[in-house]
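Read the figures in this text as sums done on the coordinates, not as results from a lab. Here the structure is a predicted model, which is why all the values come from computation and not from measurement. Here the Cβ is made from the backbone with ideal geometry for all residues, glycine too, and neighbour counts use every protein chain on show.
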Amino acid sequence: MADAFLKVTGISKDYPGIRALDDISFSVGAGEVVGLVGENGAGKSTLMKILGGVIAPSAGSIELDGIATDRLTVGGSMRGGIAFVHQELNLFENLTVAANIFIGREPLKGGLLRLIDEPELNRRAAPYLKQLGADFEPGTPVSTLSLAQMQLVEIAKALSLKARLVIMDEPTSSLTASETERLLIIIERLKTDGVAVILISHRLAEIERSADRVVVLRDGKRVAELARQDIHAETMIRHMIGRDLKTLYRPPKNPPGKPVLELIDVKTGYRPEQTVNLAVRQGEILGLAGLVGSGRTELARTIFGLDRLRGGEIRMDGAATILSAPGIAISQGLFLVPEDRKRSGLILDFPIRDNITLPSLDTHARRGLIDVGSEEAEALRQRERLDIRAKRTTTAAGALSGGNQQKVVLAKWLSMAPRVLIFDEPTRGVDVGAKSEIYRLMRELSDHGVAILMISSDMEEVIGVSDRVAVMHEGRISGFLERNELSEKAILSLAVGRIAA
Amino acid sequence: MINRKDLWLLILIIVVGTVVAIINPRFLSPINLSNTANLIGLFGIFAVAQAFVIISGGIELSVGSVIALLGVIFIDLVAAETVSPALACIIVIAIGCLIGLLHGVLVAKLGLQPFVVTLCGLLIYRGIARYYTEDATAGFPFGASFPTLEWLTAGRVYGIPHSLIAFIIITIIMGIVLHKSVFGRYLFAVGKNEEAARYSGINTSRVIIAAYVICAGLTAIAAIFIAMYTRSISPSSHGNFYELYAIAAAVLGGCSLRGGEGSILGVVLGTVLLQVLQNLVNLLGIPSSLNFAVMGSVILIGVLADQQISRRAALKRTPQTS
């Protein structure tokens, strides 16, 4: 590590009320592959944004080629030879491979006409593609490429920018096994060419294979740095977990009853080759854990009738049912509190009242005409019950805080009779006070016999709220854990695709 | 229950009207008022129709061509006396609804862009109308007379044209549908945030299709009134640019082309303002070739003023929340 060109010392990043990064130090040398691992929300993305110059750290210094600064700019990071291959690729699908690689830096001809010199463009792109062993031409339209090939275009672009460090954020999350293999070989090639790689991945086997060094983050802190000989999945998992979880668990009043919602060999459009089997029982809170991208939201969308069921069967109270549209799911008492409340949960410009009554509007209407008095009564009842902090029910939902917005989404469903409630990340962006109110409410509902399926990426929440946990990995359920088996380690092992320890 | 935007529009109409009346007192003459009222009625019906599609987040560009096509069909049916005028009306309205159904299905079920679908409609229906009449002017044969039909569509009571009365009745009904009914609430919800509407269990494609059917159905009614008003239809020019009048009235009346916003009262006021402006051009001796230029300028100024006012209002609100 004597020739480290990038050194990060004592980096911290504070957001109001939360410290996202706490005193992080690490370095990267030429031709080195550094693995960066940690749970969802451990601070990996924040750290990468700081290296990309997108956000400024609150404290610490960054040293590039011996010159220390307290923050990088986007341009400075690029000139310093740092390039990103993001999870979501940033390519212009309507352009060719070469045009994408040299976007904004096209070779010109024709003087004042500023025409693009296409042959020259393709000539310049060719060596980079060759270096990566790409199986497509510079003139190929990007729209015809596979996801793995598009990643190569991104890497070629990075190389053309004279990148010395390529940061790959979950590059293999949507690749097939053979594509993954090819990418790992390319990482080795980059290494021999002296290009360093920071590899962020939840697939620990890849890290085991490729990384020269691993940095483990947990809760914004660098908890371990492992040298080549110490890189084992077990060790990494041990470092990734291990924080003190506050126990907010409130046990159910009654033992769980009969299954209300059953999924039998359910296939979703997200990973049609996998099947999902699970049952949510009356009066229980079933946590659905897993890493981001494991297919939990897609499963919820399929159950709720937003996406087409690709196979298998959904049963309500033991009887097969076809939930082909949200309206049908709702009529059976199956409701979804979506992940993105601003986009899917609420109509922000609508008053609180109109949002609450939207799914049950027919019950507030006579001969197709809305009875505003009945709506107002319902809205007031829900405001009281859920303690929604708003003076009037005519306030626009968009004017509320995150926690109160989430309560309005809940109020939509509580004004009807829920039998199954699916919560997708119920407390994301919600303050602590509103969080515990939402947990209390979930337990109250389950005690009244509602079956609850809670998708959550927050370990504290999964362990603190669930009666039982199903863990999802790449589109299938990798295991179930009973209350007494719940631990961060057990969940994480299943989430990364290992057998429960 | 008048919102501030509509109030401004009303004030603007009164101011423009007063100025015109002062410069040229003929503006207030019974015959001028009656004629203007007739035009407001004719244009208002399909402007209200357009509002439904705009609130759903779409646009309907084929209005003028539909008016031409349905107009020639209607006159042909009535003039040939193969069917009774009442049946002719029903047939024409049914064809209108079918056109709306087609547009709605193409937009909501097949995911085509409303602009493209209705632009194609604009071309197709105009073409069919011209082919249908072999490009000749469609009209009633000399001496033909349909007293009941004529009285109903082009008659007046106490100088009030029946087209205006029809417009008022339609406005009241559609106002209730838009602002008081479950369907109306769903329409605003779909226009504002289709995804959240779907997550709330609303059958969003059905709502969108209904908006296009309502639009084309009302446009068919307008087509009958307009056909009976002009009594002869030259298929290549009849109804030209009418879709733009409708869109202009809706936008002036506070409909957002992004969908989810608008009021019936606003559209009515927008229609009135456009017709008063038209009248102003005639009465003030402005060359009638400038007609469109005057209308365009007023709409632009109106939209600009509205944007500035709401931006200032938003600025005033922010310090309190932060």
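Helix A:147-160 and the long axis of chain A differ in direction by around 40°, with both axes built from C-alpha atoms.
Neighbour counts of other Cβ atoms within 10 Å put B:91, B:2 in the fewest-to-most order B:2, B:91. Of all lysines in the structure, those lying under 16 Å Cα to Cα from residue A:13, and not within fewer than 8 positions of it along the same chain, are A:44, A:49, A:221. Which angle from 0 to 90°, rounded to the nearest 10, does the C-alpha axis of helix A:402-414 make with the longest principal axis of chain A? It works out to around 40 degrees.
Remark: spin-label model distance residue A:340-residue A:264 equals 3.5 nm, labels positioned 7 Å along the Cα→Cβ axis.
Would you work out which of A:125, B:69, A:89 lies farthest towards the positive end of the dipole of the protein assembly as shown? Charges go on Cβ: Lys and Arg +1, Asp and Glu -1. Of the candidates, B:69 comes out farthest on the positive side. Rounded to the nearest 20, the size of the Cβ-charge dipole of the protein assembly as shown about its Cα centre is 1520 debye, with Lys and Arg at +1 and Asp and Glu at -1.
Let's see if you can work this out: charge +1 on each Lys and Arg Cβ, -1 on each Asp and Glu Cβ, no other charges. What is the dipole magnitude of the range A:1-103 about its Cα centre, in debye to the nearest 20? Spell out each step's value before the answer.
Numbers: 7 positive and 11 negative charges, 36 e Å.
My answer is approximately 180 debye.
The alpha-carbon of residue A:130 sits under 20 angstrom from the alpha-carbons of these lysines, leaving out residues fewer than 8 places away in its chain: A:157, A:162, A:191. Each label point was placed 7 Å from the Cα along the Cα-to-Cβ direction; for residue B:150 and residue A:431 their separation is 7.4 nm.
Under a straight-distance cross-link criterion of Cα-Cα below 25 Å, which lysines are reachable from residue B:192, leaving out those fewer than 8 residues away in the same chain? Residue B:192 reaches A:342, A:391, A:407, A:412, B:5, B:109, B:180, B:316. In terms of packing, defined here as the mean over residues of other Cβ atoms within 10 angstrom, the peptides A:115-124, B:271-280, B:101-110 line up highest first as B:271-280, B:101-110, A:115-124. Between the helical axis of A:432-447 and the longest alpha-carbon principal axis of chain A there is an angle of about 50 degrees. Taking a point 7 Å from the Cα of residue B:314 along the Cα-to-Cβ direction, the residues of the range A:379-410 with backbone N closer than 17 Å to it are A:396-400.
Helical content of the protein assembly as shown, expressed as a calculated mean residue ellipticity at 222 nm, amounts to -15500 deg cm²/dmol (DSSP H runs of 4 or more residues, -39,500 (n - 2.57) each, divided by residue number, nearest 500).
Which of A:478, A:406, A:465 sits closest to the plus end of the dipole of the range A:396-489, meaning its Cα is farthest towards the positive end, when Lys and Arg get +1 and Asp and Glu get -1 on the C-beta? It is A:406, whose Cα lies furthest towards the positive end.
Highest GNM mean-square fluctuation among B:211, B:166, B:86, for chain B modelled with Cα contacts below 10 Å: B:86. For residue A:130 and residue A:19, the difference between the fully extended length at 0.36 nm per residue and the C-alpha to C-alpha distance is 35.6 nm. Shape class for the range A:75-134, computed from the alpha carbon gyration tensor (a ≥ b ≥ c): prolate, with a/c not under 1.5 and a/b above b/c.
Around the amide H of residue A:269, modelled in the peptide plane, lie the amide H atoms of A:310, all under 5 Å away and 5 or more residues distant in sequence or on another chain.
Were the residues from residue B:257 through residue B:110 laid out at 0.36 nm apart, the gain over their Cα-Cα distance would be 50.8 nm.
Each 5 Å bin, from zero up to the one with the longest distance, holds this percent of the alpha carbon pairs of the range B:16-123: 2, 10, 15, 17, 14, 12, 11, 9, 7, 3, 1.
Sorted by packing (mean other beta-carbon atoms within 10 Å per residue), highest first, where do A:270-277, A:301-308 land? Mind dumping the intermediate values first?
Values: A:270-277: 15.9, A:301-308: 20.5.
Descending packing order for the listed peptides: A:301-308, A:270-277.
The phi-based Karplus calculation (6.51 cos²θ - 1.76 cosθ + 1.60; θ = phi - 60°) puts the 3J(HN,Hα) values of the range A:173-185 at 4, 10, 9, 7, 4, 6, 5, 4, 4, 4, 5, 5, 5 Hz, whole numbers, x for Gly and Pro.
Over the range A:33-155, with a single point scatterer placed on each C-alpha, what log10 of the ratio I(q)/I(0) does the Debye formula yield at q = 0.11, 0.12, 0.14, 0.20 1/Å? Once normalised to I(0) and log-transformed, intensities are -0.52, -0.61, -0.79, -1.14.
More than 15 Å apart: what percent of Cα pairs in the range B:226-322 qualify? Result: 71 percent of Cα pairs exceed 15 Å. Using the Cβ-Cβ distance between residue B:307 and residue A:387 with R0 set to 41 Å, the FRET efficiency works out to roughly 0.60.
What is chain A's relative contact order, in percent, from Cα pairs under 8 angstrom and six or more apart in sequence? Write down the numbers at each step before the final one.
Details: 1005 pairs, mean separation 72.7, N = 501.
Relative contact order here is 15 percent.
In terms of overall dimensions, the C-alpha atoms belonging to the range A:259-356 reach 41, 29, 25 Å along their principal axes, ordered largest to smallest. Kirkwood-type hydrodynamic radius, the range A:1-82: 13.0 Å, calculated from all non-identical alpha-carbon pairs. Exposure proxy ranking for B:157, A:34, based on other Cβ atoms within 10 angstrom of each Cβ and starting from the fewest, stands as B:157, A:34.
Place +1 on the Cβ of every Lys and Arg and -1 on the Cβ of every Asp and Glu in the range B:105-190, take the dipole about the Cα centre, and give the residue among B:142, B:166, B:108 whose Cα lies farthest towards its positive end. My answer, from the dipole projection, is B:108.
Suppose the chain between residue B:291 and residue B:123 were pulled fully straight at 0.36 nm per residue; how much longer would it get relative to their current alpha carbon spacing?
Numbers: separation 168, 0.36 × 168 = 60.48 nm, distance 2.46 nm.
Here the answer is 58.0 nm.
Using C-alpha pairs below 8 Å separated by at least 6 residues, the relative contact order for the range A:273-387 is 13 percent.
When the convex hull of the C-alpha atoms of the range B:137-274 is computed, what volume per residue in Å³ does it have?
On the way: hull volume 18.3 nm³, N = 138.
Given the Cα convex hull of the range B:137-274, per-residue volume reads 132 Å³.
Rounded to the nearest 20 debye, the dipole magnitude of the range A:87-218 is 480 debye, with +1 charges on Lys and Arg beta carbons, -1 on Asp and Glu beta carbons, and the Cα centre as origin. Using just the C-alpha positions of the protein assembly as shown as equal point scatterers, what log10 of I(q)/I(0) does the Debye formula give at each q in 0.05, 0.08, 0.10 1/Å? Values returned for q = 0.05, 0.08, 0.10 Å⁻¹ are -0.39, -0.90, -1.17. Radius of gyration (Cα atoms) of the range A:210-312, expressed as a multiple of 2.2 N^0.38 Å: 1.50.
List the residue ranges in chain B for DSSP H helices whose C-alpha atoms run 24 angstrom or more along the long axis and whose Kyte-Doolittle average is 1.0 or above. Could the numbers behind the result be given before it?
Values: long enough: B:4-23 (29 Å, 2.12); B:30-55 (36 Å, 1.54); B:63-80 (25 Å, 2.49); B:85-108 (34 Å, 2.51); B:114-132 (26 Å, 1.05); B:162-180 (26 Å, 1.98); B:204-230 (39 Å, 1.80); B:264-283 (28 Å, 1.83); B:291-321 (46 Å, 0.29).
Those that clear 24 Å and a mean of 1.0 are B:4-23, B:30-55, B:63-80, B:85-108, B:114-132, B:162-180, B:204-230, B:264-283.
For chain B, the relative contact order works out to 34 percent when only alpha carbon pairs closer than 8 Å and six or more residues apart are counted. Spin-label model, residue A:380 to residue A:273: label points 7 Å out along the Cα-to-beta-carbon direction sit 5.9 nm apart.
Which residue, B:45, B:54, B:172, has the most motion in a Gaussian network model of chain B that connects Cα atoms within less than 10 Å? Of B:45, B:54, B:172, the most mobile in the Gaussian network model is B:172. Alpha-carbon geometry of the range A:305-357: the Rg and the Dmax are 13.8, 40 Å, given in that order.
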